[in-house]
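Okay, so here's the structure we're looking at.
The values are calculated or read from the model by the stated rules, or taken from the named source; none is laboratory data. The model shown is predicted, which means the values in this text are computed figures rather than measured ones. So basically every Cβ, Gly included, is an ideal-geometry build from the backbone, and we count neighbours across all protein chains shown.
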C-alpha cells in the first residue's frame with residue numbers, strides 16, 4: 001500500500017488547492033506535497049536501484065483478473081523522481097508567475113492533478129490502470145492548455161491537443177487489450193517476462209502499430225507533432241512541466257517500457273527509428289524560423305523527442321543507455337529554459353526575440369540560469385547535455401546498418417539544437433539592447449529565478465560527477481529495461497574519438513547557424529503561411545463536423561417511429577449476424593403436450609399486439625396494450641410466479657390508467673400516407689420478433705455453467721434470511737437495481753402529476 005500514498009497525496013493536495021485558495025506567493029506551499037513525494041522516491045531509490053522492486057496491489061474484480069497494481073522499479077522510479085522533483089520546482093515557480101492572477105489557485109490544482117496522473121503512468125503495473133492514468137493526463141492537459149479559456153485560440157488549441165492525444169489513446173487501449181489477451185495477463189511485469197509468447201503471436205504487428213500510435217500522438221512524433229507547439233497557449237509553468245518531465249515523456253516512457261518485447265520485430269525498429277529521425281529533423285528545422293521564445297523551445301522539444309524515439313528504435317544496450325542520459329539532461333535544461341522564457345516575458349512583457357536584448361544587467365539571476373541551461377542543451381562540457389550528446393554519437397557510429405545516414409541526422413539535429421539553445425538562453429541577455437531594455441525590464445521574485453537556477457546547476461553538477469550519475473541513476477534504470485547487469489561507467493573524457501570529433505563539428509556548425517539567425521527569422525511569416533499537417537487536421541475536423549451535422553439532420557428528424565426503426569433495425573442486424581456467422585439457428589422442439597391455458601394466453605397476447613399495431617385511435621391501442629399485459633400476467637400465474645404476476649398486473653394497470661389520463665392531451669394518430677413505410681415497419685416488426693424468439697430459444701438451450709437459479713435459492717435463506725426467493729432477489733441481491741427502478745417510477749409519477757396539474761393561464765377573452 002505504500003506505493004499508493006504518493007499519488008493520493010498529490011491528488012489530495014490538488015483537491016485542497018481547489019478548496020483553499022491561498023493568496024499570492026503562499027501558493028508555493030503546495031510544493032510541499034510533491035516535495036514529500038520526491039523525498040519518498042529518493043528514500044526508496046537505493047533499494048529500488050539494487051533490483052528490489054516495491055509492489056502494491058488492491059483486488060478489484062478478481063474473477064475477471066482486474067486488480068489495481070503499482071510497481072516502483074528503477075526505470076519507473078527515475079521518471080517518478082523527475083516528475084515529482086521538477087514538479088516541486090514548477091509549483092514554486094508558478095506561485096511567483098501567477099501572483100495576482102485570479103486563476104492561480106485553479107492552475108495549482110490542475111498542475112497537481114496532472115502530476116498525480118503522470119506519476120500513475122510511471123508506477124502502473126497493470127495495462128488498464130496505465131490507460132486510465134494515460135487518459136487522465138490528456139484530460140488535465142486539455143484543461144491546462146485551455147487555461148485561458150476566455151481566448152478562442154486557447155480553447156481551439158486545447159481541443160486540438162485533446163483530440164490528437166485522445167484518438168491515439170483509443171489506439172493504445174486496443175493495443176494494450178490485445179497485448180494482455182495474447183500474454184494471458186494484465187500485469188506489465190509478467191508481460192515483460194512472456195516476450196516469447198507475444199513475439200510468436202500473429203497479432204504482434206497489430207499490437208505494435210496500435211501501441212505506437214498511442215505513443216507517437218502523446219510524444220508528438222511526425223505527423224502528430226503539430227499539437228505540441230500549439231500547446232504554448234498554456235501558461236509558462238504548464239509548458240515547462242509538460243515539455244520536460246510529464247506528458248510528452250509519457251510516450252517515450254511507454255516505448256522504453258515495452259521495447260524489450262518488441263526489439264526483435266522489424267515492425268518496431270523500422271517504425272520507431274524512421275518516425276524519430278523525421279521528427280528530430282522537422283522539429284529542429286522549423287525551430288529555426290520561430291521568433292517566440294516558447295515556440296523555439298517547443299520545436300526543440302520535438303527534436304529531442306525524435307532523438308529519444310530514434311534511440312529506443314535502435315534497441316541496443318548502448319542506445320537505451322544514451323536515451324536515459326539524454327532524457328535526464330533534457331528534463332533538467334528544458335524545464336529551466338521554459339521558466340527562463342517565462343521570466344523574460346514577465347519582466348519585459350514580450351517573448352519576441354526581435355524586441356529582446358541586453359537583459360543581463362536587468363535580470364542577472366535569470367541570465368545565469370538561462371546560460372547554464374543553454375550550455376547543457378547545446379552540449380558544452382562538462383554539462384550532462386554534453387555527455388548525452390557524446391553517447392548519442394557513440395550509438396550512431398556503432399550501428400551495423402545505415403550508420404552514416406543516422407549519424408548524419410543526429411549531427412544535423414544537434415547543430416540546430418545548439419543554435420536554438422543559444423537563441424533562447426544567450427541571445428536575449430547578451431545581444432544589443434533593444435525595445436525591451438527601454439521599457440525598464442526587471443528581475444522577477446526569487447520564486448521565479450530560483451527554480452530554473454537549481455535545475456540548470458543540477459545539469460552542471462551531474463555532468464561534473466558522471467561516475468556517480470551513471471552508477472546511481474542511469475545504470476539501474478538501464479538494467480531494469482534490458483534485464484542485464486551493466487557495468488560501463490559514464491565519463492566526460494573518452495579520448496580523441498569519432499564522437500568527440502562529431503561534437504567539435506557540432507559546435508562549429510551550431511555557431512554558424514546561430515550567426516545566421518536573423519536570416520531565418522526574416523523567413524518566419526513565409527514559413528508560417530506554408531502548408532502544414534495542421535491544415536490537414538483542420539480540414540479533417542471541419543469535414544467531420546460537417547458530416548456530423550448532415551447525419552444529425554438526416555437521422556434526428558423528430559420522427560419517433562423512425563428512431564425506433566433505426567434502433568430495432570440495428571439490433572436485428574446484430575442478432576442476425578450472430579445467428580448466421582457464429583451460432584446457427586436454434587432447434588424448435590415441443591416436449592409433451594400443449595396445455596390449453598398458456599396457448600390461449602399466447603394467442604390472446606398476440607391478438608392484443610396486432611390490434612395495438614393497427615389501431616387508428618389511441619384509446620383502442622391503449623386498451624389493446626392492456627390486453628397484452630393481462631395475457632402476460634396469465635402466463636406468469638400458469639408457470640408458478642404469482643409475485644411477478646401481481647407486479648405485472650399492478651404496473652400494467654397503473655400504466656394504462658396514467659396514459660388514459662394523459663391521452664386526451666395528445667393529438668389524434670395521423671395515419672402514415674406512404675404504404676412502403678407501413679410495409680417496412682411491419683416487416684421489421686416481424687423480423688425482430690422472430691429474432692428475439694430465436695435468441696430466447698438459444699438462451700434456453702445453452703447451459704455453459706450450473707443454472708444460477710439453484711444457487712440463488714440456496715443462498716436466499718442462508719444469507720438473506722428470506723424464504724421468498726423472488727423477494728430476496730429484488731430486495732437484497734438486486735437492491736440497487738430495484739432502488740433505481742423505484743426512482744424511475746417516482747420520477748415518472750411526478751412528471752405525469754405535473755402534466756395533469758398544469759394549467760394554462762387564460763385571459764378573460766379566451767374564457
Name the one entry in 371, 403, 409, 433 that is within 28 Å of residue 93 (Cα to Cα) and within 37 Å of the chain's Cα centre (by Cα). 371
If a residue must be under 18 Å from the mean Cα position of the chain (by Cα), in contact (Cβ under 8 Å) with a residue 60 or more places away in the chain and surrounded by fewer than 21 Cβ atoms within 10 Å (Cβ to Cβ), how many such residues does the stretch 162-185 contain? 1
Which numbered condition in (1) crowded, with 22+ Cβ neighbours inside 10 Å; (2) under 18 Å from the mean Cα position of the chain (by Cα) is the only one that residue 233 fails? (2)
Of the residues in the stretch 472-510, those that are in a helix (DSSP H, G or I) and surrounded by fewer than 17 Cβ atoms within 10 Å (Cβ to Cβ) come to 472, 498, 500, 501, 504, 505, 507, 508
Looking at the stretch 503-517, which of its residues are over 39 Å from the mean Cα position of the chain (by Cα) and under 21 Å from residue 351 (Cα atoms)? 515, 516
Any idea which of 615, 641 is touching a residue at least 24 places away in the same chain (Cβ under 8 Å), closer than 16 Å to residue 669 by Cβ, surrounded by 13 or more Cβ atoms within 10 Å (Cβ to Cβ) and within 54 Å of the chain's Cα centre (by Cα)? 615
Could you check how many residues of the stretch 607-640 are outside any helix (DSSP H, G or I) and either in contact with a strand residue (DSSP E or B) (Cβ under 7 Å, 6 or more places away or on another chain) or at pLDDT 85 or above (or both)? 0
List, please: which pairs have Cβ atoms under 7 Å, are six or more places apart or on different chains, and start with a residue in the stretch 438-450 that is assigned by TED's automatic domain parsing to the domain that holds residue 370 and end with one that is surrounded by fewer than 14 Cβ atoms within 10 Å (Cβ to Cβ) and modelled with pLDDT under 90? 439/349
Going by the structure shown, is residue 401 in contact with a helix residue (DSSP H, G or I) (Cβ under 6 Å, 6 or more places away or on another chain), assigned to a loop (DSSP other than H, G, I, E, B) and assigned by TED's automatic domain parsing to the domain that holds residue 312? no
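Please determine, by comparing only the residues of the stretch 212-230 that are under 13 Å from the mean Cα position of the chain (by Cα) and assigned to a helix (DSSP H, G or I), which one is farthest from residue 452 (Cα to Cα).
213
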Can you go through 188, 197, 207 and tell me which one is out of contact with any strand residue (DSSP E or B) (no Cβ under 8 Å at 6 or more places or on another chain) and crowded, with 20+ Cβ neighbours inside 10 Å? 207
